[in-house]
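Working notes, structure below.
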Amino acid sequence: MGVVDQKPAFTLPADLSADRPPERRGLSRDQVRLLIIDRHANSFTHTRFDRITGFLAPGDLLVFNSSRTLPAALIGKARDSALTIEVRLAELLPDGTWLALLVPSSPKKMEELFTQGLIVDFEWDLNCEVLKQDRRIPRLWQLRFSKTGTAFLDLLYRIGQPIRYRYLSAPWRLSYYQNVYAIQPGASEMASAGRAFSWKLLLQLRNQGVESASITLHTGLSSYLDGELDRQHVVSEEKYSVSEEAADKIRRTRNSGHRIIAVGTTVVRALESAAAEFGGEVKACHQYTKLRITADYHLQIVSGLLTGLHEPEASHLELLAAFVPPEKIYAAYHEAIQRRYLWHEFGDLNLIL
Amino acid sequence: MKLLAGKFALITGASQGLGRELALTYAREGVRGLALVARSKDLLQSLASEIYRIRPNLNVAIINADLGSSVEVERVAAVTLAACEGRLDILVNNASTIGPVPMPYLLDYPADDFHQVLNVNLIAPFLLIQNLLAAMIDHGGSIINVTSDAGRVGYPGWGAYGISKFGLEGLSQTWAAELAKTDVRINWIDPGNMNTAMHREAEPDEDPTAWSDPAAVTDIFVFLASDSGQHVRGERLEAQSKWRARLQKG
Ligand SMILES: NC(=O)c1ccc[n+]([C@@H]2O[C@H](COP(=O)([O-])OP(=O)(O)OC[C@H]3O[C@@H](n4cnc5c(N)ncnc54)[C@H](OP(=O)(O)O)[C@@H]3O)[C@@H](O)[C@H]2O)c1
């Protein structure tokens, strides 16, 4: 099974990182490129995202992740020292504390800089206390902020910035990191598979009889700024929720024999986790999942997937292998590279049907 | 049953004048929760205390923000979405600034003020609708933009304010057309002359007692936000006209 090998499956030329949103490179949001992999045939189709209407049929159900991107990066100062720390929020825990990546301005070792009880001060009188280092992902620390709930959210929006990576050409504003259909604020990073949907396209699909439903899974960090840890692609435990309404639509779509298409790998994870939990059926729930979906996983609910183009490290591609054999993904990716598709959150997309 | 039972409403410009009256009226009409936006925190807080006297356990989110900044609008949207738990039923774009007073001729209007007035009165409603539509579209909702007579007639001296309301009427029309096949309806209301701080500042030489109390024009805002107004969409309405005879069914 090539997919679990740790050696890169292909090399991604550096200039194929989308360094700006499509709207800032002369395209509308829904005009990025779309590579369609047919699960049942040996062919790929290259098209433009807004032509997805031609590949979906009335009765098909698109399932979105309604999580809204937070300005999850906050700059603070360690109390009693000159150390500047960037806090990248990763996950809200049930007790109201956060797991976060701490990025110090000093090159010293993390363990020397961060200790239990350390207080980090931010603007607007917000502060947090470092509680402990996470055991599973040692780059993360558990923090307790001086505010919780909507009061914390309000301050976060005053202080925070979206989490941004080096390949970007400018510090794009938070509004560029938002899916038009996003609702519940909570994602550390944009669930970017759905970014290309415009309202125009969503309304068009609706008029065409394509159904839609939403689940919520707040996406965590895509990188811990640690090459080794990132290569392992540790799947963290994530919370997801499925509403009664979404569960109903999924049930109806399955009964009528239509396709359920996940917009993003988070949706695959949520729906398949729910099915695993409830004996093959998706029910309304708020649950945690540790499910790892790989090549030999038998998908129970989802038959199609819209996703971005993933990093070359094989582990990033393993979920896709549950849909199509790795060789086929690599072949498609080779074409994508040849045709100069763009990677990352502002880039092009891949539909597996 | 109360007319707005179970509904969550966002009202901008709730610290005084019409917005404040709308918040109190919506609370009395049984809303499930309110998100209230304005710059003056103290006024919002005292409004919230008054609301708790009517509805002790009502979910009231006070959002202290300057709608002239698009970054602030994003915060307003996020806090509202969290407070309403992802389901928003009513959005009233009421906040407005009159701009500099005494009101200069357009010919003399400072460019910075022109921008600020458009930001608050036109861009903020545009961004709020754009950011909040996702929380309304699946189950339907009512958007009400507050316009003015100055949005139809170019009065001398009403400069950027009037132009922002012309813009708001255009925005409302376009949005009504784009959302025609959905359950989200958008209407825009001219409340007519009201005795509020804004109007007193705009026309200091007039007798404010000749103008309506803002509390007297809230009924059309309840009607449009409620399910009884479900059939009304894409309309410009005047609060101080005989709207009931025309709009009410049965
Ligand atoms: N009064 C009239 O005769 C009349 C006639 C026609 C139409 N209207 C319209 O009716 C609506 C309500 O006006 P009103 O007469 O009640 O005026 P008002 O008493 O002056 O109230 C305006 C509200 O808007 C808020 N606001 C102003 N600038 C803001 C900003 N930058 N950010 C956030 N909130 C801001 C104010 O709160 P803060 O100052 O605390 O921020 C206040 O709550 C307006 O849309 C107005 O154009 C009024």
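One table, with the values for the structure above:
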read-out	value
Those residues of segment B:76-101 which are assigned to a loop (DSSP other than H, G, I, E, B) and in contact with a Gly (Cβ under 8 Å, 6 or more places away or on another chain), in sequence order	B:C84, B:L88, B:D89, B:N94, B:A95, B:S96, B:T97, B:G99
Some residue of segment A:194-201 being assigned by TED's automatic domain parsing to the domain that holds A:L62, in contact with a Ser or Thr (Cβ under 9 Å, 6 or more places away or on another chain), closer than 18 Å to A:E272 by Cα and not polar (S, T, N, Q)	no
Exclusive hit being in contact (Cβ under 8 Å) with a residue 24 or more places away in the chain and in contact with a Leu (Cβ under 8 Å, 6 or more places away or on another chain), set A:L217, A:L305	A:L305
Residue in segment B:88-111 that is facing chain A (nearest Cβ under 9 Å), at pLDDT 95 or above and surrounded by fewer than 22 Cβ atoms within 10 Å (Cβ to Cβ) present	no
In segment A:173-190, the residues that are touching a helix residue (DSSP H, G or I) at 6+ places or on another chain (Cβ under 9 Å) and more than 13 Å from chain B (Cβ to nearest Cβ)	A:E189, A:M190
Hits in segment A:165-181 (condition: at pLDDT 95 or above and among the charged types (D, E, K, R))	A:R173
Matching residues in segment B:58-87 - criterion: being touching a Ser or Thr at 6+ places or on another chain (Cβ under 7 Å) and either among the basic types (K, R) or more than 8 Å from chain A (Cβ to nearest Cβ) (or both)	B:L67
Count of segment B:124-136 residues which are within 14 Å of chain A (Cβ to nearest Cβ), in a helix (DSSP H, G or I) and touching a residue at least 24 places away in the same chain (Cβ under 8 Å)	9
Residues of segment B:1-29 satisfying the condition of being away from the ligand (no atom under 13 Å from the Cβ) and within 14 Å of chain A (Cβ to nearest Cβ)	B:F8
Residue match in segment B:59-69 (condition: closer than 24 Å to A:L174 by Cβ and more than 14 Å from the ligand (Cβ to nearest atom))	yes
Some residue of segment A:205-217 being within 20 Å of the chain's Cα centre (by Cα) and outside any strand (DSSP E or B)	no
Those residues of segment B:30-53 which are within 14 Å of another protein chain (Cβ to nearest Cβ) and either assigned to a helix (DSSP H, G or I) or more than 15 Å from the ligand (Cβ to nearest atom) (or both), in sequence order	B:G33, B:K41, B:L44, B:Q45, B:A48
Filter result (free of Cβ contacts under 8 Å to residues at least 40 places away in the same chain and either within 14 Å of the chain's Cα centre (by Cα) or surrounded by 21 or more Cβ atoms within 10 Å (Cβ to Cβ) (or both)) within segment A:154-201	A:D154
A:A246 vs. criteria part of a helix (DSSP H, G or I), surrounded by 16 or more Cβ atoms within 10 Å (Cβ to Cβ) and within 14 Å of chain B (Cβ to nearest Cβ)	yes
Some residue of segment A:129-149 being acidic (D, E), touching a Lys or Arg at 6+ places or on another chain (Cβ under 9 Å) and not assigned by TED's automatic domain parsing to the domain that holds A:T307	yes
Residue match in segment A:207-219 (condition: more than 14 Å from chain B (Cβ to nearest Cβ) and modelled with pLDDT under 95)	yes
Qualifying positions in segment B:78-89 - within 24 Å of B:T218 (Cα to Cα) and within 16 Å of the ligand (Cβ to nearest atom)	B:T80
Positions within segment A:22-46 being of a type outside the set (D, E, K, R) and either within 20 Å of A:W172 (Cβ to Cβ) or within 23 Å of the chain's Cα centre (by Cα) (or both), in sequence order	A:P22, A:G26, A:L27, A:S28, A:Q31, A:V32, A:L34, A:L35, A:I36, A:I37
Residue match in segment A:20-30 (condition: in a strand (DSSP E or B) and not aliphatic (A, V, I, L, M))	no
Selection within segment B:108-135 - small (G, A, S) and more than 30 Å from A:I215 (Cα to Cα)	B:A111
Criterion: among the aromatic types (F, W, Y), crowded, with 21+ Cβ neighbours inside 10 Å and either free of Cβ contacts under 8 Å to residues at least 12 places away in the same chain or in contact with a Phe, Trp or Tyr (Cβ under 7 Å, 6 or more places away or on another chain) (or both) - qualifying residue of A:F49, A:F64, A:F10	A:F64
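Results for (1) closer than 24 Å to B:G141 by Cα; (2) in contact (Cβ under 8 Å) with a residue 40 or more places away in the chain, shown as yes or no for each residue.
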residue: B:L10; (1), (2): yes, yes
residue: B:S15; (1), (2): yes, no
residue: B:R20; (1), (2): yes, yes
residue: B:A23; (1), (2): yes, no
residue: B:L36; (1), (2): yes, no
residue: B:L43; (1), (2): no, no
residue: B:Y52; (1), (2): no, no
residue: B:R55; (1), (2): yes, no
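The values are calculated or read from the model by the stated rules, or taken from the named source; none is laboratory data. None of the values given here were measured: they were computed from a predicted structure. Note that each Cβ is placed from the backbone with ideal geometry, even for glycine, and that neighbours are counted across all protein chains shown.
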